[in-house]
Amino acid sequence: MDNPVALASSGRAAQLEAFSRLLDILDELREKCPWDRKQTMESLRHLTIEETYELSDAILKNDMPEVKKELGDVMLHLVFYAKIASEQGHFDLAQVLQAQCDKLVFRHPHIYGDATADTEEQVKKNWETLKLREGNKSVLGGVPGSLPSMVKAMRIQEKARGVGFDWENADQVWEKVEEELAEFKAEFNKPTLTEEEKKRATAELGDVFFSLINFARFLDLNPEEALERTNLKFIQRFQYLERAAAQQGLALNEMTLAQMDVYWNEAKKEDNQN
């Protein structure tokens, strides 16, 4: 039987060798390739966002070969940023990694110190306290402004919970959801809205979404993932509808809703069988 320790050592050696190879290749590309040579942090930024979303898509689809590919793309971008910073004399990759290691040790005193944290909630509370000691002026200061709104709402709520500002149970949150929905429906359930009503409706709709995200959090559900899975499901069903209609020589814009519903229901049955 193989020795697990030996396998782990071999694996670590292979990982370090591969990482070193990536650094060598990037050094050479940065020197010799016109495209790689002209890249800046600003020019890479939107590409990094795109790669991150592609990784997210692969994870949701549980496509491990694609996850492997996208992880490589993201890894390249991270190394690229460190390379550019090193060229400009700001910091190098070693400093990035050492700083991250130091932060991990500092934020896990229950592992590397004498603090106690036996539950996930205790760990999160410790984190928020330690972040304030690091110089953060607000518990919510670490939430990136450019996050998608649904993810941002989730992170805001999680951070507030980390310092004890939260509902006591899920029933209270659901009551808030129903309250917000009732207010929204009562005031804005009409065919058309004035511009002023649209502004107020937008604010009230935001409250509905925020309370629903809160309820999802209490159920330990990720609302961003839930919505994205529904998006993917809709795309799959709609594309089935398009293919089925095309096979019958039909154009969607010439079909009745009843005709389209036939293929839509077929698509739902196919989903249930899978």
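Scanning the stretch 157-178 for residues that are closer than 16 Å to K125 by Cβ and part of a helix (DSSP H, G or I) yields Q157, E158, K159, A160, R161, G162. The sole residue among Y81, Y53 that is within 24 Å of the chain's Cα centre (by Cα), surrounded by fewer than 14 Cβ atoms within 10 Å (Cβ to Cβ) and either hydroxyl-bearing (S, T, Y) or outside the structural domain of E28 (by TED's automatic domain parsing) (or both) is Y53.
The number of residues in the stretch 85-110 that are touching a Leu at 6+ places or on another chain (Cβ under 9 Å), assigned to a helix (DSSP H, G or I) and over 23 Å from R45 (Cβ atoms) comes to 2. Residue selection: E266 satisfies the criterion of being surrounded by 12 or more Cβ atoms within 10 Å (Cβ to Cβ), assigned to a helix (DSSP H, G or I), outside the structural domain of A160 (by TED's automatic domain parsing) and not hydrophobic (A, V, I, L, M, F, W, C). Checked against the criterion of being surrounded by fewer than 16 Cβ atoms within 10 Å (Cβ to Cβ), on the phi < 0 side of the Ramachandran plot and not assigned by TED's automatic domain parsing to the domain that holds F209, the candidates K131, K137 yield just one match: K137. You will find that of T230, T192, the residue that is β-branched (V, I, T), part of a loop (DSSP other than H, G, I, E, B) and out of contact with any His (no Cβ under 6 Å at 6 or more places or on another chain) is T192 and no other.
Residues in the stretch 185-229 that are free of Cβ contacts under 8 Å to residues at least 60 places away in the same chain and among the acidic types (D, E) were compared, and the one that is farthest from F165 (Cα to Cα) is E195.
The values are calculated or read from the model by the stated rules, or taken from the named source; none is laboratory data. Since the model is a prediction, treat every value here as computed from it, not as a measurement. Ideal geometry is used to build each Cβ from the backbone, glycine not excepted, and the neighbour counts take in all protein chains shown.
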